[in-house]
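Heads up: the structure comes next, in structure tokens.
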Amino acid sequence: AQSVTQLDSQVPVFEEAPVELRCNYSSSVSVYLFWYVQYPNQGLQLLLKYLSGSTLVKGINGFEAEFNKSQTSFHLRKPSVHISDTAEYFCAAEIQGAQKLVFGQGTRLTINP
Amino acid sequence: DVKVTQSSRYLVKRTGEKVFLECVQDMDHENMFWYRQDPGLGLRLIYFSYDVKMKEKGDIPEGYSVSREKKERFSLILESASTNQTSMYLCASDSGGNYEQYFGPGTRLTVT
């Protein structure tokens, strides 16, 4: 069965510091990979997605993620965070053709001034 | 802008009541989804629909049913609400071709 694991439930960082949110997936078939963000009291919105091609994917708000097939990882990074990045972040995977997503447990990113 | 709306932001119901959660999207998307979100568990898929009157079970369909009579509307039904169904419910839609799901703001349901 396919699963998505986010290794950290909470990540506190200081403003303007770099951050990495970790995501690993398990699957024996090719997958499409996604990062979604949920700001307080809102639904989820797409940050970025990997479908094929370049393994480094750039998304909105300065975030990027790197697909690593050998390590089955899709970690999310930002070189310098802002208070407004405080949110919960979800990694998700879709087996090609399945038309449904499997989500990780979520990582709550807290930015301290 | 794609818009997915849900009928209520907050809902309080009693055990045993029949509960309807409504979701409407305005982008003519074929696919619609219902998830529940619980702390530490992420989002779990309850049901999804590829087309009008079509439905497929997700990972946790027990205790729920769905209805899709029109393309833009997807309803989640709790036949007899129980306290373990207290949760945040999120609706989403996508067109199937661009690999991006659009989410509604969620309904926080409390069953007492």
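The values are calculated or read from the model by the stated rules, or taken from the named source; none is laboratory data. In this text, all values refer to a predicted model and were calculated from it rather than measured experimentally. With ideal geometry, Cβ positions are generated from the backbone for all residues, glycine too; neighbour counts draw on all protein chains shown.
Among the numbered conditions (1) away from chain A (no Cβ under 14 Å); (2) of a type outside the set (S, T, N, Q); (3) closer than 14 Å to B:Asn31 by Cβ, tell me where B:Tyr99 comes up short.
The number of the failed condition is (1).
Which ones in region B:15-27 are surrounded by 11 or more Cβ atoms within 10 Å (Cβ to Cβ) and of a type outside the set (S, T, N, Q)?
Selection gives B:Glu17, B:Val19, B:Phe20, B:Leu21, B:Glu22, B:Cys23, B:Val24, B:Asp26, B:Met27.
With the requirement that a residue be more than 12 Å from the chain's Cα centre (by Cα) and either outside any loop (DSSP other than H, G, I, E, B) or loosely packed, with under 13 Cβ neighbours inside 10 Å (or both), what does region B:1-14 give you?
Listed by number, the residues that qualify are B:Asp1, B:Lys3, B:Arg9, B:Tyr10, B:Leu11, B:Val12, B:Lys13, B:Arg14.
So which residues in region A:35-54 are in a strand (DSSP E or B) and under 18 Å from B:Cys91 (Cβ atoms), if there are any at all?
Answer for region A:35-54, where residues must be in a strand (DSSP E or B) and under 18 Å from B:Cys91 (Cβ atoms): A:Tyr36, A:Val37, A:Gln38, A:Leu44, A:Gln45, A:Leu46.
Mind telling me which of the residues A:Leu47, A:Leu56, A:Leu76 ends up being surrounded by fewer than 12 Cβ atoms within 10 Å (Cβ to Cβ) and at pLDDT 95 or above?
Result: A:Leu56 is the single residue among A:Leu47, A:Leu56, A:Leu76 that is surrounded by fewer than 12 Cβ atoms within 10 Å (Cβ to Cβ) and at pLDDT 95 or above.
Within region A:6-33, take every residue that is within 21 Å of B:Met88 (Cα to Cα) and at the interface with chain B (Cβ under 10 Å from one of its Cβ atoms) and give me the one that is farthest from the chain's Cα centre (by Cα).
This residue is A:Ser9.
Tell me which residues, restricted to region B:35-88, are among the aliphatic types (A, V, I, L, M) and free of Cβ contacts under 8 Å to residues at least 60 places away in the same chain.
Residues satisfying the conditions are B:Leu41, B:Leu43, B:Leu45, B:Ile46, B:Val52, B:Met54, B:Ile60, B:Val66, B:Leu76, B:Ile77, B:Met88.
Sort out which residues of region A:80-107 are part of a loop (DSSP other than H, G, I, E, B) and either within 8 Å of chain B (Cβ to nearest Cβ) or touching a helix residue (DSSP H, G or I) at 6+ places or on another chain (Cβ under 7 Å) (or both), and write them in order of number.
A:Gln99, A:Lys100, A:Leu101, A:Gly104, A:Gln105, A:Gly106
Kindly list, by first and then second residue, each pair from a residue in region A:37-55 that is more than 14 Å from A:Phe103 (Cα to Cα) and more than 7 Å from every other protein chain (Cβ to nearest Cβ) to a residue that is surrounded by 13 or more Cβ atoms within 10 Å (Cβ to Cβ) and among the charged types (D, E, K, R), limited to pairs with Cβ atoms under 8 Å and residues at least 6 apart or on different chains.
Every condition considered, the pairs that remain are A:Leu48/A:Glu64; A:Thr55/A:Glu66.
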